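Written below as structure tokens is the structure these notes are about.
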Amino acid sequence: MIDLHCHILPGIDDGPRDWDESIELCRSMVDDGITRAVATPHLIDGVYDNRKPKVDALVEELRRRLAESGVALRIESGAEVDLSSRLVTEPSSDLPALAGGKAVLLEMPVAVIPHAMDEIIFAATSRGLLPVLAHPERNELLQQDTAIAQRWVDAGAALQIDGDSLLGVWGRGAKRCAESLLLSGLVHALASDAHSCKRRPPRLRRALDAAKAIVGDEADKLVGQGPELILQGRCPPTPLYDIGARRGASAGHAAGNLLQRVARQILDRL
Ligand SMILES: [Fe+2]
């Protein structure tokens, strides 16, 4: 699996505190089935000043330490860039694009949708960048109207949802929104957004199973073809996965749940 979004570099955001925690987290990602991960520390102007030269240097160091430790995880450079960062709208060689390519991971706020959202997407695409919106399902306004996401995708953005949202870690609203976006065919990548082995461990395999229960086995593309295209700077197709399989799997999933509930009620009465 390719993990497009995780916090694995030490001491530069709210991820691992030191190299030991960093290596331990990478090891648990390998155990989870992740083969390639993009290090995406927060980049917030004046708070987390994680520009490209700094991130690249730490990624290089992490690669060296992983090789020494025998951890077979391929690491790419990147960042989770605050939507209001000037680096998104102003040309700069300091922007840590994903794997040094054209895609830039943009952090969706949880409580608001910025007024300038459409302009930010336009500014990024106008510069030849591929904006990838990180965990839109955790946004409380989008949870009330998932149709807004269609406009962002139409404008040229790709969507990445967090595995933890599908597992209910971020509450019922985020879970439902993630499921709705999946069923709408608007999701291009599923990522761990892992921060540490204890607080927010990698649970991408379980999340992928949850996605498969909703859209079928084609969900594999959310940790394969989708992230792969994004790392090449190409926007994945929408939908990324087969619509027919999606509907069939969804209907089967719903019918299966209904049968389970009925069976449980009958057993309870016996
Ligand atoms: Fe993140």
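The values are calculated or read from the model by the stated rules, or taken from the named source; none is laboratory data. The shown structure was predicted, so the numbers you read here are calculated from the model rather than taken from an experiment. Glycine gets a Cβ as well: all are built from the backbone with ideal geometry, and neighbour counts include every protein chain shown.
For segment 31-43, which positions are of a type outside the set (Ser, Thr, Tyr) and either touching a Pro at 6+ places or on another chain (Cβ under 7 Å) or crowded, with 17+ Cβ neighbours inside 10 Å (or both)?
Asp32, Ile34, Arg36, Ala37, Val38, Ala39, Pro41, His42, Leu43
Among the residues of segment 13-25, which ones are surrounded by fewer than 21 Cβ atoms within 10 Å (Cβ to Cβ) and within 11 Å of the ligand (Cβ to nearest atom)?
Residues satisfying the conditions are Asp13, Asp14.
Considering only residues of segment 74-119 that are modelled with pLDDT under 95 and among the polar types (S, T, N, Q), which is nearest to the ligand (Cβ to nearest atom)?
Ser85
Can you name every residue in segment 44-60 that is closer than 22 Å to Cys26 by Cα and without any contact (Cβ under 8 Å) to a residue 24 or more places away in the chain?
Matches in segment 44-60: Ala57, Glu60.
Conditions tested, residue by residue: (1) out of contact with any strand residue (DSSP E or B) (no Cβ under 9 Å at 6 or more places or on another chain); (2) at negative phi; (3) touching a residue at least 40 places away in the same chain (Cβ under 8 Å).
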residue	(1), (2), (3)
Val153	no, yes, yes
Leu181	no, yes, yes
Leu190	no, yes, no
Cys197	yes, yes, yes
Leu208	no, yes, yes
Lys212	yes, yes, no
Val215	yes, yes, no
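(1) within 15 Å of the ligand (Cβ to nearest atom); (2) within 17 Å of the chain's Cα centre (by Cα); (3) surrounded by 16 or more Cβ atoms within 10 Å (Cβ to Cβ): which one isn't true of Val55, the others all being true?
(2)
Val187 passes all but one of (1) part of a helix (DSSP H, G or I); (2) within 20 Å of Ile2 (Cα to Cα); which number fails?
Tallying (1) part of a helix (DSSP H, G or I); (2) within 20 Å of Ile2 (Cα to Cα), Val187 fails exactly one: (1).
Tally the residues that are in contact (Cβ under 8 Å) with a residue 40 or more places away in the chain and either basic (Lys, Arg) or assigned to a helix (DSSP H, G or I) (or both), restricting the search to segment 1-30.
Number of matching residues: 11.
Taking the conditions exactly as written (modelled with pLDDT of 95 or more, under 15 Å from the mean Cα position of the chain (by Cα), within 16 Å of the ligand (Cβ to nearest atom) and of a type in the set (D, E, K, R)), does Asp220 satisfy them or not?
No, not satisfied.
What about Pro10, is it crowded, with 17+ Cβ neighbours inside 10 Å, within 14 Å of the ligand (Cβ to nearest atom), more than 19 Å from Ala134 (Cα to Cα) and not hydroxyl-bearing (Ser, Thr, Tyr)?
No.
The rows are residues; the columns are (1) free of Cβ contacts under 8 Å to residues at least 60 places away in the same chain; (2) touching a Pro at 6+ places or on another chain (Cβ under 8 Å); (3) closer than 19 Å to Val81 by Cβ; (4) of a type in the set (Phe, Trp, Tyr).
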{"residue": "Pro114", "(1), (2), (3), (4)": "yes, no, yes, no"}
{"residue": "Met117", "(1), (2), (3), (4)": "yes, no, yes, no"}
{"residue": "Ala124", "(1), (2), (3), (4)": "yes, yes, yes, no"}
{"residue": "Glu140", "(1), (2), (3), (4)": "yes, no, no, no"}
{"residue": "Ala147", "(1), (2), (3), (4)": "yes, no, no, no"}
{"residue": "Gly168", "(1), (2), (3), (4)": "yes, no, no, no"}
{"residue": "Gly171", "(1), (2), (3), (4)": "yes, no, no, no"}
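Return the residue satisfying two criteria in turn: it lies in segment 58-106 and is β-branched (Val, Ile, Thr) and within 20 Å of Pro10 (Cβ to Cβ), and of such residues it is surrounded by the fewest Cβ atoms within 10 Å (Cβ to Cβ).
Applying the filter and picking the extreme gives Val71.
Got a number for residues in segment 26-46 being over 14 Å from the mean Cα position of the chain (by Cα), more than 13 Å from the ligand (Cβ to nearest atom) and at pLDDT 95 or above?
9
Out of all the residues in segment 177-214, which are among the aliphatic types (A, V, I, L, M) and in contact with a His (Cβ under 9 Å, 6 or more places away or on another chain)?
Ala178, Ala189, Ala191, Ala194, Ala213, Ile214
With Pro201, Pro227 as the choices, which residue is part of a helix (DSSP H, G or I) and under 26 Å from Ile12 (Cβ atoms)?
Pro227 is the lone residue from the list that is part of a helix (DSSP H, G or I) and under 26 Å from Ile12 (Cβ atoms).
Is there a residue being exposed (fewer than 15 other Cβ atoms within 10 Å of the Cβ), β-branched (Val, Ile, Thr) and under 19 Å from the mean Cα position of the chain (by Cα) anywhere in segment 116-132?
The answer is no, given that none of the residues of segment 116-132 is exposed (fewer than 15 other Cβ atoms within 10 Å of the Cβ), β-branched (Val, Ile, Thr) and under 19 Å from the mean Cα position of the chain (by Cα).
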